[in-house]
Amino acid sequence: MVSQIRFLMCAPDHYDVDYVINPWMEGNIHKSSRDRAVEQWNKLYNVIKNHAIVDLVAPEKGWPDMVFSANAGLVLGENVVLSRFLHKERQGEEPHFQHWFEQNGYNVYTLPKDLPFEGAGDALLDREGRWLWAGYGFRSELDSHPYLAKWLDIEVISLRLMDERFYHLDTCFCPLANGYLLYYPGAFDSYSNRVIEMRVAPEKRIAITEADAVNFACNAVNVESIVIMNKASESLKSRLAEVGFQVIETPLTEFLKAGGAAKCLTLRVTEPIGDEIHANASVESRVIRMEGHLLDAGLINRALDLIVEMGGSFQVLKFNLGEQRQSTSAAEVRVSAPSHEVMEEIISQLIDLGAVDLPQDERDSKLEPVIQAGVAPDDFYVSTIYPTEIRVNGEWLKVQNQRMDGAIAISTTANGIVAKCKLLRDLEIGDKVVVDVLGIRTVRKAESREQRNSQEFSFMSSGVSSERRVELVVEQVAWELRKIKDSGGKVVVTAGPVVIHTGGGEHLCRLVREGYVQGLLGGNAIAVHDMEQNILGTSLGVDMKRGVAVRGGHRHHLKVINTVRRFGSIAKAVEAGVVKSGVMYECVKNNIPFSLAGSIRDDGPLPDTQMNLILAQQEYSQIIEGADMILMLSSMLHSIGVGNMTPAGVKMVCVDINPAVVTKLSDRGSIESVGVVTDVGLFLSLLTQQLDKLTSPYIANVG
Ligand code: ARG
């Protein structure tokens, strides 16, 4: 029986693979056989004609992909949105398709120039007419979706394509009658998969394997219970049969060489309009402004890459390139995202890069009250290491206690409104917390090109250093330590027990004794190992001078803990003369505050070890406050904890033999952090040698 459904096709008179605009075409230039293509196309044409009416558009010479009539435009009722091809190789097809639509009485809408949209290849109607699924990521631009919603008066659901083999939505997605959906989940990002799962009930979703997907099983023509495709596995056929669909296979291998199959070769031109259905595109846009050394510092690339990586799209509205070497540039970028949720994720990252609203768009931050102590409102803005300001009652307010992974809470005090970063557990009922991403900006210094390249910490731009560069880094760290000391600044050291095992203890002692260290952070282990070495000459039972295990030495560790426990604290053991040297000894003697944070594996622990981790975090953050530099020495856990508490602007040097640790810690997107992959004992030894070499700027080096 032939239904009233109509399709538009275009005969393959001029079909060929002439260029490469998708991965299927690679290696296939002029490799398809025209005769076989004609034969395959005719077969498809006849199969469809058995079930529906087929109209034809005249093929045009010079436009080999015109056979893929799915890309002519998108039809709904009387209206057509004409395609705007991304690639110039296909743009010449546009007037021919437009002509056909006009001749056949359609109302044709054309998109703004440079806004690609590839018709029914990237936009598929739900077969119940409830909404339009629209793809983006390779060919069609996300910003075309709101036009579809407006012109066709239908809800548009945007899906992001991630696998370049499935560059058009119809290559991996096929809505079927009765609300069924045939699709290949691997072609979509996780957000889009979630959207699909929210709209289509599990029993209606037919997810196919990659093997079927690469045979273009999703590129199928559905007429009522018939599904026409190039090829399907037995299991897919029976799966479809179970839910009442009959698969008709018709080989289209010649067209696969151009990246198309059954669905691409047809355009359904009778698409019924649902009565109750109306426009609604969840696509959101917002214009942001960025200023600074956008090109030199790579900020603009990072911003644009990030928008796309996170599922949005952009349009650069203005770009003023600074003229002189020192000039800054400014850009205005329109950001679009498929939903508010994705928009928030994108904007919060752009805020980190220093993006701000246009002055006329500035709004106050959105605040929501805390209604359960220790729990933030769902949509809370997660703080970062960058100095942040929020807008309250039209005024920009600096956020205090800047740190990452907190919420920004506002409270009214005697001195007016105060904004602070607070940890979730510290939120109190009555606090108002910043939610969403409005009225938030980070303040970035725009260092000049020279500053960035020549400042002491310029090696940081190179991120992680190893081997020969270690010496260079040591020189710069030494110089920095010296400067901080001379100016009465603050250096905090985070150290793990490896410092002791690798013989770094004596060097760290010197740093403490000579006034280079103003705070020490660690765990139970560093203190125990340090005191074991200084009381018994071993570290975990290994003789530190000879490097051999001492018989029964493993007990040393516990003996030391026990001794200190007897005295009640490390300080008391030092006073009593039991601990006579070492890192802990120097800290006590020089009044250097230290905090030892406990963990599950701690032996003892020492009386000083703080086993309440919330209190330990508080002790740590007190010691870090006001630090100019943090030296992280081979302690991954403590260093990560410290990194999370530290605002941008504090120099961080992370030394570890494991590059993964170093990368993790120094990758804070902040130029003030640097990683050194090396043995920490060696690093400390080089550092003290270098400090010795540095002549004081104030005392002439006589002799
Ligand atoms: N070679 C064509 C292109 O890359 C194939 C188009 C396939 N059409 C489709 N609706 N998927 O544009």
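Each reported figure results from applying straightforward, stated rules to the coordinates on display, with no laboratory input. Note that this is a predicted model, so its numbers are computed, not measured. Here Cβ is always computed from backbone atoms with ideal geometry, including for glycine, and neighbour counts include all displayed protein chains.
Filter LYS580/LYS651; LYS204/LYS231; LYS204/LYS664 down to the pairs with a C-alpha to C-alpha distance above 31 Å, please. Distance filter (> 31 Å) returns LYS580/LYS651; LYS204/LYS664. Sorted fewest first by neighbouring Cβ atoms within 10 angstrom, ARG160, ARG325 come out as ARG325, ARG160.
For every other residue with a beta carbon closer than 13 angstrom to the beta carbon of PHE594, add +1 if it is Lys or Arg and -1 if Asp or Glu, then tell me the sum. Numbers along the way, then the final one.
Working: positive: LYS589; negative: ASP530, GLU586, ASP608, GLU619.
It works out to a net charge of -3.
Could you work out how far helix 469-486 tilts from the main Cα principal axis of the chain, as a 0 to 90 degree angle to the nearest 10? Computed tilt is about 60 degrees. Each other residue within a Cβ distance under 10 Å of ASP13 adds +1 if Lys or Arg and -1 if Asp or Glu, for a net charge of +1. Taking every alpha-carbon pair under 8 Å whose residues sit at least 6 apart, the chain reaches a relative contact order of 9 percent. Principal-axis analysis of the Cα atoms of the chain puts helix 636-645 at an angle of about 80° to the longest axis.
About its Cα centre, region 6-281 has a charge dipole of approximately 340 debye under the convention of +1 per Lys or Arg Cβ and -1 per Asp or Glu Cβ, with nothing else charged.
Arrange the following residues from fewest to most other Cβ atoms within 10 Å of their Cβ: MET9, MET611, MET652, MET310.
Details: MET9 22, MET611 15, MET652 26, MET310 19.
Lowest to highest Cβ neighbour count: MET611, MET310, MET9, MET652.
In a shell of Cβ-Cβ distance under 9 Å around THR171, excluding THR171 itself, what net charge do Lys and Arg (+1) and Asp and Glu (-1) give?
Details: positive: ARG165, LYS263; negative: ASP170.
Taking every other residue near THR171 into account, the sum is +1.
Taking amide H as placed 1.01 Å from N in the peptide plane, the amide H of MET632 sits under 5 Å from that of THR494, VAL653, CYS654, VAL655, each at least 5 places away or on another chain.
Report, in deg cm²/dmol and to the nearest 500, the calculated mean residue ellipticity at 222 nm for the chain, where each DSSP H run with n ≥ 4 adds -39500 (n - 2.57) and the sum is divided by the residue count. Please report the intermediate quantities before stating the final value.
On the way: 22 runs with 208 residues, N = 703.
That comes out to -8500 deg cm²/dmol.
Decide, for the chain, between rounded, prolate and oblate: order the square roots of the alpha carbon gyration tensor eigenvalues as a ≥ b ≥ c, take rounded if a/c falls under 1.5, and otherwise choose prolate if a/b is larger than b/c, else oblate. Prolate shape, in that a/c is at least 1.5 and a/b is the bigger ratio. Going from the residue with the fewest nearby Cβ atoms within 10 Å to the one with the most, ILE300, ILE288 rank ILE300, ILE288.
At the listed q of 0.08, 0.09, 0.17 Å⁻¹, the Debye profile of region 6-281, built from one uniform point per Cα, gives log10 I(q)/I(0) equal to -0.28, -0.35, -1.49.
Across the cross-link table entries LYS589/LYS693; LYS485/LYS545; LYS31/LYS237; LYS485/LYS693, which are compared at the Cα atoms, the separations over 23 Å belong to LYS589/LYS693; LYS485/LYS545; LYS31/LYS237. Taking θ as phi - 60° and the Karplus parameters 6.51, -1.76 and 1.60, the scalar couplings of region 320-327 work out to 9, 7, x, 7, 9, 4, 8, 5 Hz in sequence order, x denoting glycine and proline. Ordering PHE245, PHE101, PRO23 by the projection of their Cα atoms onto the charge dipole of region 6-281, which places +1 on the Cβ of Lys and Arg and -1 on the Cβ of Asp and Glu, puts PHE245 at the extreme positive end. When only the Cβ of Lys, Arg, Asp and Glu is charged (+1, +1, -1, -1), the dipole of the chain relative to its Cα centre reaches about 2340 debye. Inter-label distance, THR110 to GLU625: 6.7 nm, where each label sits 7 Å from its Cα along the C-beta direction. Relative to the Cα centre, the charge distribution of region 137-271, modelled as +1 at Lys and Arg Cβ and -1 at Asp and Glu Cβ, gives a dipole magnitude of about 40 debye. For the chain, leaving out every one of the GluC sites (Glu not before Pro) that falls in a DSSP loop and has at most 15 other Cβ atoms within 10 Å, the longest unbroken run is 129-275.
Of the residues CYS172, LEU682, GLN349, the one whose Cα sits farthest toward the positive end of the charge dipole of the chain, with +1 on the Cβ of Lys and Arg and -1 on the Cβ of Asp and Glu, is LEU682. Taking a straight Cα-Cα cut-off under 18 Å and skipping sequence neighbours fewer than 8 places away in the same chain, the lysines within cross-link reach of LYS432 are LYS366, LYS398, LYS420, LYS422. Computed 3J(HN,Hα) for region 575-585, one whole-Hz value per residue from the Karplus formula 6.51 cos²θ - 1.76 cosθ + 1.60 where θ = phi - 60°, is 4, 6, x, 7, 9, 10, 6, x, 5, 5, 4, glycine and proline marked x.
Within the same chain, lysines fewer than 8 places from LYS113 are excluded, and of the rest, those with a Cα less than 29 Å from its Cα are LYS61, LYS88, LYS150, LYS263, LYS318. Whole-Hz Karplus values for region 351-360 come out as 4, 4, 7, x, 5, 10, 6, 5, x, 6 Hz, taken residue by residue from phi with 6.51 cos²θ - 1.76 cosθ + 1.60 and θ = phi - 60°; glycine and proline positions read x. Considering only ILE592, LEU256, GLY274, and ranking their Cα positions along the charge dipole of the chain that arises from unit charges at the beta-carbon of Lys, Arg, Asp and Glu, the one farthest toward the positive end is ILE592.
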